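The block underneath contains the structure these notes are about, expressed in structure tokens.
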Amino acid sequence: MRKISNRTVARAAGVILAISIIGRLLGFVREQVIAARFGTSMFTDSYIMAFTLPNLIYVIIGGALATALIPVFTEIMAKSGKETASRMSSTIINSSLLGMLLLCALGIWAAPVLVAIIAPGFSGEISQLTIKLSRIMFPCILFMALSLLLGGILNSLKNFAVPAFTSVAFSAVIIAAVYLLVPVWGVYGLAVGTLVATLAQVLIQLPALKKMGVTYYPEIDFTHPGVLRVWELMAPAMVGISINQLYITIDRILASSLVIGSISALNFASRLMFLPYNLFVAAINTAVFPTLSEQAAQQDYSAMAKTTVFGLNLIAFFTIPAAVGLFVLGEPLVRLLFEHGAFDSRSTQMTVFALNFYVIGLYSQGAYNIMNRTFFALQDTKTPVKIGLLTVFINLICSLLLIGPLAHGGLALGTSIAATCNMVVVYTLLRRRLTSLPEKQLFFTLGKIILASVLMGVVVHLADLYLIQIWDRTYIKNQILHVSSCVGLGIFAYLLLVIQMRIEEVDYIKNRIMQYWKSKRAG
């Protein structure tokens, strides 16, 4: 069972990863063009806070709905067929859209009050601008939630490529808006472009659903047992699935009282920190969840334990060296990626300061999310909720204590501390549910990866110091050579170390790649 499930997870994660690389690279281009146009200014702070409102609702409600829908849709399809599952999902979609329409109308009407709550430090011109932008972007919640639900259905049917491609469409539309609409309408053009981008995420998934035989029914049947089960799972999942977003929201609320640019610096730092997260952790989580759901439905808890640890080790393999690399190369990376146009050296220093604290919690956030998925696959959403409430409280306390001495850096550090506490508590409770967790394999692998990452960090740091002396970094060409040389050397050193350490998951990936190339040559 382990071999089969791991092969499924690895194959699905590979598909998602390939598309995600394109999406995240384009996402960085999106952040670059926004940074170059507006820098860490009042306009960027206002746009970020205005989008925080609909995005928070989307994460809490849409994310919880999609997470609750996947195991129920999978179970109904296996027992009763695709038509019954389609009717159930249609009811969820239709009722969700009605609810989102109501929330959208309320959000537009109550925008002044909502902005005062999430940005208490805003006043005057920046407050009025945020209110106007939030009213333009509030309808985004309709399209973002629908996109997530459609993506959940496609993932249940083992179609991972199309939902992963939605991020490509989102970034492409916003980039186009920066060049076509912003010169005419200013930051309002960016808000309109964001709204259109969320609509594009829905439209590109419709042909795939039709092709896979999923039928839409214009009906709402609350008596369907599957619908009732989704709502039952969704209610507590609303808190559990939104922990990461709540961390970011708390940071932004508190940062609104700091100097202008603090919100933007936190945003750009989190974007850079979440690049490896979105590339690797999201791909692994998305691929693991349907497999965990199937194993839970079969009550194969031993296989669930092995799949969970396999996922945790894969996440460690990618996120720990990424965190070390971002810490060592934070300043040259931020300068290369963002320091153009309105984004000046002050913006770079503010962003790097936050990034150094954010990366501390990178692995913790990834590990928490995959263990959270295990609880959801077991249809236990109460445990993650209790832990989530506790860690949000820890995050708030840490942020309040650290914002004084460290300003916006203290907010980033508070997030990392809370994420680590979250991970430890979730793991402690999970090992009680899955008593057959192969802990020796987990911690032995984790120790090897940490050692390899630290050694890699030393190599990269020495290379960074050497290259600073020989290349004039005022030229963009030299910046590219500097960063690419350090990153390339770091990847080479890390891979060399982990291969020599004989890590099981690394051997598995290596063997799969070799088998793939052998089959290609034989074909």
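The values are calculated or read from the model by the stated rules, or taken from the named source; none is laboratory data. This one's a predicted model, so the numbers in the text were calculated from it and none came from an experiment. Glycine gets a Cβ as well: all are built from the backbone with ideal geometry, and neighbour counts include every protein chain shown.
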Q | Filter result (under 21 Å from S453 (Cβ atoms) and among the aromatic types (F, W, Y)) within the range 363-378 | A | Y363, Y368
Q.
For the range 470-500, which positions are closer than 16 Å to L329 by Cβ and without any contact (Cβ under 8 Å) to a residue 24 or more places away in the chain?
A. W471, N478, L481, S484, S485, G488, I491, F492
Q. Just checking, how many residues over the range 275-314 are outside any helix (DSSP H, G or I) and touching a helix residue (DSSP H, G or I) at 6+ places or on another chain (Cβ under 9 Å)?
A. 1
Q. Out of all the residues in the range 264-271, is one or more out of contact with any Cys (no Cβ under 8 Å at 6 or more places or on another chain) and farther than 19 Å from D45 by Cβ?
A. no
Q: With respect to Y358, determine if the residue is more than 15 Å from T249 (Cα to Cα), buried (at least 19 other Cβ atoms within 10 Å of the Cβ) and under 17 Å from the mean Cα position of the chain (by Cα).
A: no
Q: Return yes or no: is R335 under 22 Å from I21 (Cα atoms), among the basic types (K, R) and assigned to a helix (DSSP H, G or I)?
A: yes
**Q.** Options V113, V162, V173, V168; residue that is surrounded by fewer than 17 Cβ atoms within 10 Å (Cβ to Cβ) and part of a helix (DSSP H, G or I)
**A.** V113
Q: Residue by residue through the range 476-505, note down the ones that are touching a Lys or Arg at 6+ places or on another chain (Cβ under 6 Å) and either part of a helix (DSSP H, G or I) or of a type in the set (S, T, Y) (or both).
A: Q479
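Being farther than 28 Å from A322 by Cβ and among the hydroxyl-bearing types (S, T, Y) is the filter here, so list the residues in the range 366-389 that pass it.
T381, T383
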**Q.** Qualifying residue in the range 315-328 (condition: under 24 Å from I21 (Cα atoms) and part of a loop (DSSP other than H, G, I, E, B))
**A.** no
Q | Filter result for I76 (modelled with pLDDT under 90 and closer than 19 Å to L157 by Cα) | A | yes
Q) If we keep just the residues of the range 220-272 that are touching a helix residue (DSSP H, G or I) at 6+ places or on another chain (Cβ under 7 Å), in a loop (DSSP other than H, G, I, E, B) and at pLDDT 85 or above, which is farthest from L355 (Cα to Cα)? A) I220
Q | Filter pass, V506 being surrounded by 12 or more Cβ atoms within 10 Å (Cβ to Cβ), over 21 Å from V309 (Cα atoms) and either at pLDDT 85 or above or touching a helix residue (DSSP H, G or I) at 6+ places or on another chain (Cβ under 8 Å) (or both) | A | no
Q) Does Y363 satisfy the criteria of being buried (at least 23 other Cβ atoms within 10 Å of the Cβ), under 16 Å from the mean Cα position of the chain (by Cα) and over 23 Å from A18 (Cα atoms)? A) no
Q: Please enumerate the residues belonging to the range 414-429 that are buried (at least 23 other Cβ atoms within 10 Å of the Cβ) and over 18 Å from the mean Cα position of the chain (by Cα).
A: G414, V426
Q) Restricting the search to the range 117-131, which residues are assigned to a helix (DSSP H, G or I) and over 27 Å from the mean Cα position of the chain (by Cα)? A) G124, E125, I126, S127, Q128, L129
Q: For the range 285-295, name all the residues that are surrounded by fewer than 22 Cβ atoms within 10 Å (Cβ to Cβ) and over 23 Å from the mean Cα position of the chain (by Cα).
A: E294
**Q.** Index of the failed condition, L413 passing every other in (1) at pLDDT below 90; (2) aliphatic (A, V, I, L, M); (3) not in a loop (DSSP other than H, G, I, E, B)
**A.** (1)
Q) Which of the residues belonging to the range 382-408 are part of a loop (DSSP other than H, G, I, E, B) and either in contact with a strand residue (DSSP E or B) (Cβ under 8 Å, 6 or more places away or on another chain) or buried (at least 20 other Cβ atoms within 10 Å of the Cβ) (or both)? A) none
Q. In this structure, is V392 of a type outside the set (G, A, S) and over 19 Å from I284 (Cα atoms)?
A. yes
Q.
Can you say whether V454 is in contact with a Ser or Thr (Cβ under 9 Å, 6 or more places away or on another chain), surrounded by fewer than 17 Cβ atoms within 10 Å (Cβ to Cβ) and part of a helix (DSSP H, G or I), as far as the supplied structure shows?
A. no
Q) From the list G388, G404, G409, G414, which residue is more than 26 Å from G261 (Cβ to Cβ) and either of a type in the set (K, R) or in contact with a helix residue (DSSP H, G or I) (Cβ under 8 Å, 6 or more places away or on another chain) (or both)? A) G388
**Q.** Subset tally (residues that are surrounded by fewer than 20 Cβ atoms within 10 Å (Cβ to Cβ) and either of a type in the set (D, E, K, R) or touching a residue at least 40 places away in the same chain (Cβ under 8 Å) (or both)) for the range 183-194
**A.** 3
